[in-house]
Amino acid sequence: MAQYSASGSLRISEIFYSLQGETSRVGLPTVFVRLTGCPLRCTYCDTAYAFSGGQNMAITAILTEVARYPTPYVTVTGGEPLAQKDCVFLLRALCDAGYQVSLETGGALDVSAVDARVMKVLDIKTPASGEATKNLWSNLALLQQHDEIKFVLCDEPDYEWAKQVLHERDLAGNYPVLFSPAHDQLSPTMLANWILRDNLPVRLQVQLHKLLWGGQPGK
């Protein structure tokens, strides 16, 4: 098994401490490690500032920064974290250090090298995202029961498309499935009513951090 080293580094957009705003860990104090760069350009992206910039940090330096905060929960996000090949070594290092680690990934890149201890949150891109053709469907076979699938929905056609994927690929019952309304594009109440009308086995997810702090994700 490959090992990370003190000389290995990643381009980091920011590291910050906040409440988890999404997934089944919503509300838990969490350290977020946001990596720079993303191959996708989703129409609703709220972290475009992470497409470029940032600073290079050694994995050991990232661990030191994460350890400043009093929580066992760490989320590695982006951008698209897996666009940097050494991300898998960072994930392993965080798990080895005893953290409960989650990875937020856009679903277009292979997740097979991700440490099995990591909770993968796989974002399946819908038609209105503009990136649905980039979904790497083979990733679904690599998910474990502790992983989660997320759909960010912009409108009713997105909802109907996601509902079809849910049934055709037999997602319900295998992993938690999250339906999230795109901020300021789809009413959470409307999405809730559709879910109840169709009796879907999914969890409605609203972005807690935006309810609490508004604009910038996670703060």
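If only one of THR126, THR105, THR60 is in contact with a helix residue (DSSP H, G or I) (Cβ under 9 Å, 6 or more places away or on another chain), modelled with pLDDT of 95 or more, of a type outside the set (Asp, Glu) and within 21 Å of ASP184 (Cα to Cα), which one is it?
THR126
Just to be sure, is LEU94 of a type in the set (A, V, I, L, M, F, W, C), touching a Phe, Trp or Tyr at 6+ places or on another chain (Cβ under 9 Å), crowded, with 23+ Cβ neighbours inside 10 Å and assigned to a helix (DSSP H, G or I)?
No.
In contact with a Cys (Cβ under 9 Å, 6 or more places away or on another chain), over 28 Å from LEU211 (Cβ atoms) and of a type in the set (Asp, Glu): which single residue out of ASP115, ASP170 fits that description?
So the residue among ASP115, ASP170 that is in contact with a Cys (Cβ under 9 Å, 6 or more places away or on another chain), over 28 Å from LEU211 (Cβ atoms) and of a type in the set (Asp, Glu) is ASP115.
Looking at GLN164, GLN145, can you tell me which residue is in contact (Cβ under 8 Å) with a residue 12 or more places away in the chain and either in contact with a Gly (Cβ under 7 Å, 6 or more places away or on another chain) or surrounded by fewer than 19 Cβ atoms within 10 Å (Cβ to Cβ) (or both)?
Only one candidate passes the filter, namely GLN145.
If PHE179 passes every condition in (1) surrounded by 13 or more Cβ atoms within 10 Å (Cβ to Cβ); (2) touching a helix residue (DSSP H, G or I) at 6+ places or on another chain (Cβ under 7 Å); (3) assigned to a helix (DSSP H, G or I) but one, which one does it miss?
Single failed check for PHE179: (3).
Just name the residue that is farthest from GLU104 (Cα to Cα) out of those in the range 130-176 that are outside any loop (DSSP other than H, G, I, E, B) and of a type in the set (S, T, N, Q).
Among them, the one singled out is GLN164.
Being at pLDDT 95 or above and surrounded by 15 or more Cβ atoms within 10 Å (Cβ to Cβ) narrows it down to one of ARG68, ARG34, so name that one.
Result: ARG34 is the single residue among ARG68, ARG34 that is at pLDDT 95 or above and surrounded by 15 or more Cβ atoms within 10 Å (Cβ to Cβ).
Go through the range 110-144 and report how many residues are among the β-branched types (Val, Ile, Thr) and in contact with a Phe, Trp or Tyr (Cβ under 8 Å, 6 or more places away or on another chain).
2
Looking at the structure I just gave you, is LYS163 at pLDDT 95 or above, of a type in the set (D, E, K, R) and more than 15 Å from TRP194 (Cβ to Cβ)?
no
Looking at (1) surrounded by 20 or more Cβ atoms within 10 Å (Cβ to Cβ); (2) under 20 Å from THR36 (Cα atoms); (3) not basic (Lys, Arg), find the lone condition where ASN139 falls short.
All conditions are met except number (2).
Which one of ASP110, ASP115 is surrounded by fewer than 22 Cβ atoms within 10 Å (Cβ to Cβ), part of a loop (DSSP other than H, G, I, E, B), of a type in the set (Asp, Glu) and in contact with a strand residue (DSSP E or B) (Cβ under 9 Å, 6 or more places away or on another chain)?
ASP115
Take the residues in the range 182-219 that are part of a helix (DSSP H, G or I) and among the basic types (Lys, Arg); name whichever of them is surrounded by the most Cβ atoms within 10 Å (Cβ to Cβ).
LYS210
The values are calculated or read from the model by the stated rules, or taken from the named source; none is laboratory data. Computed from a predicted structure; not experimentally measured. All Cβ positions, even for glycine, are placed from backbone atoms using ideal geometry, and neighbour counts span all protein chains on display.
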